[in-house]
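A.B. asks: This is the structure, below, for whatever I ask next.
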Amino acid sequence: MIRKLQGKDIDIVMEIWLTANIEAHQFISPHYWYDSFKLVKEMIVQAEVYVYEINNNIYGFIGLINDYIAGIFVCNQKQSMGIGKQLLDYVKEIKQQLKLNVYQKNTKAVNFYQRENFKIQNSSTDTDTGEKEYTMIWKNIIF
């Protein structure tokens, strides 16, 4: 089931955020994610966040700021099981356009978004990490 984030969910969502980032971005020091943790925890309650939950266990979430996907995160032991796609499909139903930034070295994520019809719009460098990233956009095209 996909539902909106509730206050009681914050700790598990942040645990998923931290472990998924460290695993997916091995080209960035884990210290970066630990240093960002407090700020992200404060900001996440201001975002539009949907969690993927089964039997009262949260296995993933998607965070949005308007039509910008701040991230899709799935706990490491449940990755590649369709949870990220279900979360993305859910927000595609309620948004006409979605935009995101993804590190170029995170080829698994880049390939996932391309399979989901996101198009690379440009390339830039993340000033916080020095890593190259793509800006990608998806638009709901109704025929």
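A.B. asks: Going by how many other Cβ atoms sit within 10 Å of their own, how do Val49, Val74 line up, fewest first?
C.D. replies: Least crowded to most crowded, the residues run Val49, Val74.
A.B. asks: Would you mind calculating the gained length between Phe37 and Asp128 on full extension (0.36 nm times residue separation, minus the Cα-Cα distance), in nm to one decimal?
C.D. replies: The span from Phe37 to Asp128 would gain 31.3 nm if fully extended.
A.B. asks: Right, here's the next one. Test of understanding: ordering Phe118, Phe112, Phe27, Phe73 by Cβ neighbours within 10 Å, fewest first, what list do you get?
C.D. replies: Phe27, Phe112, Phe118, Phe73
A.B. asks: Fewest to most neighbouring Cβ within 10 Å: what's the order for Arg3, Arg115?
C.D. replies: By the 10 Å Cβ count, ascending: Arg115, Arg3.
A.B. asks: Continuing with the same structure: Using only Cα atoms, what is the ratio of the radius of gyration of the chain to 2.2 N^0.38 Å?
C.D. replies: So the chain has a normalised radius of gyration of 1.01.
A.B. asks: Moving on. How high is the FRET efficiency between Asn57 and Tyr90 when r is their beta carbon distance and R₀ equals 22 Å, given to the nearest 0.05?
C.D. replies: 0.80
A.B. asks: Roughly speaking, what is the stretch gain from Tyr68 to Thr107, that is 0.36 nm per residue apart minus the C-alpha to C-alpha distance, in nm to one decimal?
C.D. replies: Extending this stretch completely gives an extra 12.1 nm.
A.B. asks: Compute the Rg/Rh shape ratio of region 1-62: radius of gyration over Kirkwood radius, all on alpha-carbon atoms.
C.D. replies: Across region 1-62, the Cα-based Rg/Rh ratio is 0.98.
Values quoted throughout were computed directly from the atomic coordinates according to the rules given, and no laboratory measurement underlies them. Here the structure is a predicted model, which is why all the values come from computation and not from measurement. As a convention, Cβ positions derive from the backbone with ideal geometry for all residues, glycine included, and neighbour counts pool all protein chains shown.
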